[in-house]
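Data block below; observations after.
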Amino acid sequence: MITLALAGKPNCGKSTLYRAATMAPAEIANYPFTTIDANRGVAYVRVPCPCSTLAHRCGVCADGIRYIAVHLIDVAGLVPEAHTGKGLGNQFLDHLRQADAIIQVIDASGSTDIEGNPDNPGTHDPLLEIPMLKIEMAMWLHGIIEKHWPKMQRQAQSRTFSIYAGLAEILAGLSIREEHVMEAEREAGIELRLTAASDLIDFSKILMHKAKPMIIAGNKADLASPELLEKVKGSGAILTSGAAELALRTAATSQMIAYHPGDKTFSIPDEGKLSEAQKAGLMKMKSYMDEHGGTGVQDIINRAVFDLLDMIVLYPVEDETHLTDGQGRVLPDAFLMKKGTTPHDLAFQVHSDIGNGFLYAIDAKTKMRIKESAILKDGDIIKIVSTAK
């Protein structure tokens, strides 16, 4: 399963955003380092379910919306010089090893300083937080490379030694592959085997970006001034309000409102059941959502998966006519797969035995047989024919 990490300085609203996305318990407090150990939960990407445009209806989606699980980690807060051990330092950075992509959470309201200490809204520049995470991650990576570099350079004297493979092996725990190393070398404009460790900082920045792509959530946006909101949006960040999303999901669970995560607004089935204070709170959130097109929480998760990681959604079935599995369930499974995935790749994702016994595939929408090397499209419904049962 795909793993996303929420990262940023203390007290920027990461844990609230985490709770909103997962509805899992996490301690929330107005002081730095509330999160010591990483919180781990399940969030979901949101896509239209194919059953909403087909004669067959599944029992998996919610009103035509399919939610597909991804792992979400809320890691301890980051402060400047974390790579040297300051704050929770390397503990924070080590949690990011597991992430496929990173959602950097910044305080769009400007109500905390660079170390996460509370202050009045608008007194700090949220954009100063953005380079800090990239620098700390790059310096952390540089420290790992520097530690192994003398040995790597000695080994590079051998014609049979690949410095790309060697570096990828050392950094395998960060999901760094040979192609990442080669791309970073090319973009940095250096020749690795001739470069001193002290000159590898820019290379480390590029390499970390390749291995851990990042998107920015301008959180606490509901508390920010219009001027700060424009500034944060101008940086390319996605505006989010974890607090509003958490309140909406809680209200929906209590059946006070009708709301699906990612909706641009909500409805109130029976206003007579609400107190005046509840109505006022909901109207305030509705006003914010109308202005910004929702709370942004679902949007940031979707963008991390589909934009940063280039994923598509595929639906394997056993019966291409009724779109069912072996138990007669309509479209029970939805897999997140990389763009460029083939039917043979999908077969292995379903089960290694099915992949090993792969014969051919059928596009359930067209009922036509497709090659094992065909490139699948987002939303494809595929029957895999295999010697394995």
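The values are calculated or read from the model by the stated rules, or taken from the named source; none is laboratory data. Worth saying up front: this structure is predicted, and the values here are computed from it rather than measured. As a convention, Cβ positions derive from the backbone with ideal geometry for all residues, glycine included, and neighbour counts pool all protein chains shown. Surface areas here come from the heavy atoms of the whole protein model, side chains and all, with no ligands, DNA or RNA. Shrake-Rupley method; radii C 1.70, N 1.55, O 1.52, S 1.80 Å.
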(message) What aspartates and glutamates does LYS367 reach when the alpha-carbon gap must be under 14 Å and sequence neighbours fewer than 8 apart in one chain are set aside?
(response) GLU318, ASP319, GLU320, ASP380
(message) Just to confirm, what accessible area per residue do you get for the range 117-234 at 1.4 Å probe, in whole Å²?
(response) 53 Å²
(message) Could you tell me the relative contact order of the range 274-389? Use alpha-carbon pairs under 8 Å, at least six residues apart, and round to a whole percent.
(response) 25 percent
(message) Test of understanding: what is the full-extension gain from THR3 to ALA280, defined as 0.36 nm times their sequence separation minus their Cα-Cα distance?
(response) 96.0 nm
(request) Would you kindly state how much longer the chain becomes between ASP333 and SER373 on full extension, computed as 0.36 nm times their sequence separation minus their alpha carbon distance, in nm to one decimal? (result) 12.2 nm
(request) Kindly identify the range 309-354 as rounded, prolate or oblate by the Cα gyration tensor criterion: order the square roots of the eigenvalues as a ≥ b ≥ c, call it rounded if a/c is under 1.5, otherwise compare a/b with b/c, prolate if a/b is larger, else oblate. (result) prolate
(request) Please name which of VAL42, SER109, ILE354 has its Cα lying farthest along the dipole of the chain towards the positive end, using unit charges on Cβ (Lys, Arg +1; Asp, Glu -1) and the Cα centre as origin. (result) ILE354
(message) Full-extension gain between VAL42 and ALA62, please, as 0.36 nm times their residue separation minus the C-alpha to C-alpha distance.
(response) 5.5 nm
(request) Among the aspartates and glutamates, select those whose C-alpha is under 17 Å from the C-alpha of LYS284, and discard any that sit fewer than 8 residues away in the same chain. (result) ASP222, GLU245, ASP263, GLU271, GLU276
(request) Name the shape class, rounded, prolate or oblate, that the alpha-carbon gyration tensor gives for the chain, where a ≥ b ≥ c are the square roots of its eigenvalues, rounded holds for a/c under 1.5, and otherwise prolate holds if a/b is larger than b/c and oblate otherwise. (result) oblate
(request) May I ask you to derive the relative contact order of the chain, considering only C-alpha pairs under 8 Å and at least 6 residues apart, and to give it as an integer percent? (result) 16 percent
(message) Only sites in a loop by DSSP and with at most 15 other Cβ atoms within 10 Å count here; which chymotrypsin sites (Phe, Trp or Tyr not before Pro) in the range 124-188 make the cut?
(response) PHE161
(request) Pairs to check: LYS286/LYS377; LYS210/LYS264; LYS210/LYS339; LYS210/LYS231. Give those whose C-alpha atoms are more than 28 Å from each other in this structure. (result) LYS286/LYS377; LYS210/LYS264
(message) Using DSSP to call loops (not H, G, I, E or B), can you name the trypsin sites (Lys or Arg not before Pro) in the range 123-178 whose Cβ has at most 13 other Cβ atoms within 10 angstrom?
(response) ARG159
(message) Placing +1 on the Cβ of each Lys and Arg and -1 on the Cβ of each Asp and Glu in the chain, which of GLY8, MET208, ALA243 has its Cα farthest towards the positive end of the resulting dipole?
(response) MET208
(message) Please report the carbon-and-sulfur percent of the accessible area for the chain; probe 1.4 Å, protein heavy atoms only, DNA, RNA and ligands left out.
(response) 51 percent
(request) Among ALA197, MET152, LEU141, pick out the residue whose Cα is farthest towards the positive end of the charge dipole of the range 99-214, where Lys and Arg carry +1 and Asp and Glu carry -1 on C-beta, about the Cα centre. (result) MET152
(message) Can you compute the charge dipole magnitude of the chain about its Cα centre, using +1 on each Lys and Arg Cβ and -1 on each Asp and Glu Cβ, nothing else charged? Give it in debye, rounded to the nearest 20.
(response) 740 debye
(request) Pull the list of the chain cysteines that no other Cys approaches to under 4.7 Å, Cβ to Cβ. (result) CYS12
(message) Only bridges whose two residues both fall in the range 235-389 count here: according to DSSP, what percent of them are antiparallel, nearest 5?
(response) 85 percent
(message) To check you understand DSSP bridge types, tell me what percent of the beta bridges within the chain (both residues inside) are antiparallel, rounded to 5.
(response) 60 percent
(message) Restricting to DSSP H runs of at least four residues, report the calculated mean residue ellipticity at 222 nm for the chain, -39500 (n - 2.57) per run over all residues, nearest 500 deg cm²/dmol.
(response) -10000 deg cm²/dmol
(request) Please give the direction-averaged projected area of the C-alpha convex hull for the range 221-354, in square nanometres with one decimal. (result) 11.9 nm²
(request) Rank ASN39, ASN356, ASN117 by mean-square fluctuation in a GNM of the chain with C-alpha springs under 10 angstrom and give only the top-ranked residue. (result) ASN356
(request) Roll a 1.4 Å probe over the protein chains and send me the accessible area per residue for the range 273-389 in Å². (result) 52 Å²
(request) Would you mind computing, in nm to one decimal, how far apart the modelled labels at ALA196 and ASP119 are, each placed 7 Å from Cα along Cα→Cβ? (result) 3.8 nm
